[in-house]
1. Out of (1) surrounded by 17 or more Cβ atoms within 10 Å (Cβ to Cβ); (2) more than 23 Å from ASP134 (Cβ to Cβ); (3) without any contact (Cβ under 8 Å) to a residue 60 or more places away in the chain; (4) touching a Leu at 6+ places or on another chain (Cβ under 7 Å), the odd one out for ALA48 is which?
2. Looking at the range 70-128, which of its residues are assigned to a loop (DSSP other than H, G, I, E, B), in contact (Cβ under 8 Å) with a residue 40 or more places away in the chain and open to solvent by 10 Å² or more (accessible area, probe 1.4 Å)?
3. On the basis of being of a type in the set (Ser, Thr, Tyr) and closer than 14 Å to GLN14 by Cβ, does THR149 make the cut?
Amino acid sequence: MSTDSAPQFLMDAQGSVTATAVVILADGEARTADTDDTALVLAPIHDADSLGAATGVPRLAPALSVTPLRDALLAQPRLALAFDSFGEGRPYSQARQLRAAGYQGQLIASGPAVVCDKVVPMRELGIDAFLFADETEARRSAERLRAATATLPAPSPARAYRPVHRTGVI
């Protein structure tokens, strides 16, 4: 079992930051009886079989297609999206597709690519919790999110993130 020695910091959509223990299970590994009940347990999901066997919050691999698992994913109360690389855009697509399909649960952005600069676009796509390894980064992100929230419309399934260039919408 993989456990981070330092606590991670979970920020909600309102910008509240709380320290939390995080346990990331290895592929095929199950949550054990000695796992802290208050820990956020993330179970990697690569296919339908691993989704059925998940013993924690399912953490969707970027390569996982949401469409074939739509019904099973919509039934989950919480899902984590793996932002493991800065150049990886598929978790953004997963968030958009899940919200467009009517997902009402909590979407958690996790991984090293969850940084202050990306929180606002993630929130626009319907991601409502963010997991940070660094408390300073979490607090900066909370400030940025609170500042942007006044100008952001509420996320909706029909609204997709569209970057704006100085000459207009791309």
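The values are calculated or read from the model by the stated rules, or taken from the named source; none is laboratory data. Remember, predicted model here, so these are calculated numbers, not experimental data. Note that each Cβ is placed from the backbone with ideal geometry, even for glycine, and that neighbours are counted across all protein chains shown. For accessibility, only protein heavy atoms count, side chains too; no ligands or nucleic acids. Shrake-Rupley method; radii C 1.70, N 1.55, O 1.52, S 1.80 Å.
1. (1)
2. Result: ALA101, GLY102, ASP128.
3. So THR149 fits the description; yes.
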